[in-house]
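Okay, structure first, notes after.
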Amino acid sequence: MPVPATKESGDVDNLYIFLLVSGLISFIILIGGMVIFIFKYRRKTEDQKSAYITHNTLAEFLWSFIPFVIMMIIFAWGWSVFHDLRRVGEKGDVEVHVTARQWAWTFKYANDIEINSPSDKKLLDDPDSTLLKPEIVVVPVGKTIRFILTSDDVLHSFYVPAFRNKMDAVPGRRTTFTFTPIEKGDFTVFCTEYCGTKHSNMMATIRVVDGEQFAAWQAEKIAANAGANNKGPAERGEALFKGSLGCSGCHSIDGSRIVGPSFKGLYGNKRDFADGSSVTADDAYIKQSILVPTAKIVAGFPPAMSSFQGRIKEDEIKDIIEFIKTLK
């Protein structure tokens with residue numbers, strides 16, 4: 001196994017070891033008991049009859065109850081580990097939007113720094129494409145990192161062995177990949193969902209560095225991008241909210257009620273729906289509400305919003321979400 005490089009990976013390893021050891025002990029007890037019984041209680045003569053064995057309530061209870069307790073421990077432990085790996089509604093210290101496409105990853109930070117892996121054109125045009133060096137996405141050690149995944153074409157799967165975590169990148173959906181790195185170094189990203197002829201080349205590198213190094217790298221990237229775009233994603237999202245998309249006509253940002261629910265305090269908080277269900281307002285929920293607004297109707301509000309499917313770009317959805325995050 002690769003070195004456990006995140007806080008969560010140690011928990012995964014501990015659970016795996018427990019499953020391995022408990023499975024081995026169970027195997028020895030079961031198979032060992034069977035072998036002992038085969039020799040100890042085998043028939044000695046052709047006419048020998050088996051002894052009458054009476055009912056034993058305690059033995060029957062124990063061989064049912066003890067495995068039940070072990071299974072409940074595994075369930076609770078597994079759920080805790082799974083919850084830490086997902087943490088869907090949590091805002092990370094560093095957030096990066098990850099877009100998959102055949103056969104590359106694109107990384108875009110919330111402050112507009114963009115990292116592009118080798119493009120599909122390079123991969124198709126270069127006969128030695130396996131020698132192309134994947135681009136490097138940099139993150140600080142000890143901080144909660146949140147990757148928000150989507151795909152431009154087919155299903156991909158974002159997997160980092162050293163992080164013990166994997167998440168699908170699905171067209172039309174936003175999924176999350178959350179981790180807290182505890183080891184510095186370079187860690188390889190693989191696509192583990194077959195996505196076409198160059199699937200095996202679809203790699204990238206996550207570089208974990210000190211906080212000071214990350215801040216210096218970030219400042220360098222921001223300076224390099226200065227002048228290319230004077231507005232950040234939240235500012236662009238606000239412009240879309242007030243301008244071309246017309247969101248402000250139905251949604252307030254100060255908590256007041258208009259046609260639709262207010263955006264104030266939306267992100268990361270619970271939403272109750274007309275059908276009695278509820279969900280934490282995260283990236284996936286907001287995107288679904290923009291593209292399929294009738295999928296979940298907020299309690300107390302009419303289903304008056306029309307779909308923006310085909311009228312809004314993926315980057316514009318990201319900008320809207322970043323703007324909503326600022327409305328505390």
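The values are calculated or read from the model by the stated rules, or taken from the named source; none is laboratory data. This one's a predicted model, so the numbers in the text were calculated from it and none came from an experiment. A quick note on method: Cβ atoms are made from the backbone with ideal geometry, for glycine too, and the neighbour counts reach across all protein chains shown. The area values use the complete protein model at the heavy-atom level, side chains included, leaving out ligands, DNA and RNA. Shrake-Rupley method; radii C 1.70, N 1.55, O 1.52, S 1.80 Å.
Here are the numbers for the structure shown:
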read-out	value
Contour excess over end-to-end distance, with Cα ends at residue 294 and residue 328 and 0.36 nm allotted per residue	9.7 nm
Nonlocal amide H pairs with residue 105, under 5 Å, H built at 1.01 Å	117
Above-threshold pairs, the threshold being 32 Å between Cα atoms, out of 108/184; 221/296; 184/325	221/296
Fully extended contour minus Cα-Cα distance, from residue 182 to residue 60, at 0.36 nm per residue	39.3 nm
Largest-first ordering by accessible area, 1.4 Å probe, given options 19, 240	19, 240
Nearest-10 value in Å² for the accessible area of residue 138, using the 1.4 Å probe	10 Å²
Exposure of residue 79 as accessible area (Å², to 10), given a probe of 1.4 Å and all protein chains	150 Å²
Å² of accessible area per residue within the chain, as computed with a 1.4 Å probe and no ligands counted	57 Å²
Of 242/313; 7/287; 198/318, those spanning more than 23 Å from alpha-carbon to alpha-carbon	7/287; 198/318
Of all accessible heavy-atom area on the chain, the percent that carbon and sulfur account for (1.4 Å)	60 percent
Simple label model, 7 Å out from Cα along Cβ direction - residue 25 to residue 259, nm	6.3 nm
Beta bridges by DSSP in the chain, antiparallel share as percent, to the nearest 5	70 percent
For residue 184, residues with placed amide H under 5 Å, excluding near neighbours	none
Segment residue 219-residue 269, extension gain: residue separation times 0.36 nm, minus the distance between their alpha carbons	14.8 nm
Counted charge near residue 312, where neighbours are those whose Cβ lies closer than 12 Å (Asp, Glu -1; Lys, Arg +1)	0
Karplus-derived 3J(HN,Hα), 6.51/-1.76/1.60, for each residue of segment 177-185, Hz, glycine and proline x	10, 10, 7, 10, x, 10, 10, 8, x
Computed FRET value (nearest 0.05) for residue 38 with residue 76, which takes r as the C-beta separation and R₀ as 51 Å	0.90
J(HN,Hα) series, segment 159-175, from Karplus relation 6.51 cos²θ - 1.76 cosθ + 1.60, nearest Hz, glycine and proline x	9, 10, x, 5, 9, 6, 9, 8, 8, 6, 9, 10, x, x, 10, 10, 10
